[in-house]
1. With respect to Val155, determine if the residue is of a type outside the set (Asp, Glu), free of Cβ contacts under 8 Å to residues at least 60 places away in the same chain and assigned to a helix (DSSP H, G or I).
2. Go through (1) crowded, with 19+ Cβ neighbours inside 10 Å; (2) assigned to a loop (DSSP other than H, G, I, E, B); (3) of a type in the set (Gly, Ala, Ser) for Ala13 and report which single condition fails.
3. Gly82: modelled with pLDDT under 95 and more than 19 Å from the chain's Cα centre (by Cα), yes or no?
4. Just to be sure before I move on: is Arg98 in the same structural domain as Tyr31 (by TED's automatic domain parsing) and at pLDDT 85 or above in the structure I sent?
5. Would you call Arg70 part of a loop (DSSP other than H, G, I, E, B) and either polar (S, T, N, Q) or within 25 Å of Leu169 (Cα to Cα) (or both)?
6. Scanning segment 17-37 for residues that are free of Cβ contacts under 8 Å to residues at least 24 places away in the same chain and over 15 Å from the mean Cα position of the chain (by Cα), which turns out surrounded by the most Cβ atoms within 10 Å (Cβ to Cβ)?
Amino acid sequence: MTTTPPALTPDHALARLPELTVVDVRTPGEYASGHIPGAHNIPLDALRRALPALRAAHGELVLVCASGTRAENARAVLAEHGIPAATITGGTRGWAERGHALHRPQGTSRTTRTTWAMERQVRLTAGALVLAGLGLGQLHPAWLLLSAGVAGGLVFSALTDTCGMAAILAKLPHNRPRATDLDATLAALGSARD
């Protein structure tokens, strides 16, 4: 049985960056808005497809997301399949707060579009649904249940540190990787050098 390495602080990860294989499990839009230099983008919902490439990757695997929650979920999936991985404490947000540079690719239409972090997308969607429920509740009181349902979902999300709305939003086209991008990432993982 393999033991999973502990989480790395951003400073420790920076010092070891050349020997690490960093996998960013955020959506492609979030990844394009700024990621740890050299990180490979494999969204959390594509992780199972990437298991063979991750198993064959060179160097210690380190998972990262915006704050650490999705990376920890990804680490649990990899651990189920016997693939050890670490996470970076605080995610890319913690990395940037420590003053470490984030890579922001430029020059392609895929990466120059304006993208929002998943947390911002969730806040917009939840707020819009609450306002719609309240507005439509003026027409018929049953619509107030929409607002109540969103409020209940937010409370559940906070208590469980999960987010069903984010899982649904991640499936929207602007949050999905192009098949060719994911294939190229998986190929790069297998050919990376120590």
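The values are calculated or read from the model by the stated rules, or taken from the named source; none is laboratory data. Everything quoted here is computed from the prediction, not taken from an experiment. All Cβ positions, glycine included, derive from the backbone under ideal geometry; neighbour counts span all protein chains shown.
1. So Val155 passes the test.
2. Unmet for Ala13, out of (1) crowded, with 19+ Cβ neighbours inside 10 Å; (2) assigned to a loop (DSSP other than H, G, I, E, B); (3) of a type in the set (Gly, Ala, Ser): (2).
3. Yes: the conditions hold for Gly82.
4. Yes: the conditions hold for Arg98.
5. So Arg70 does not fit the description; no.
6. Taking the candidates together, the pick is Leu17.
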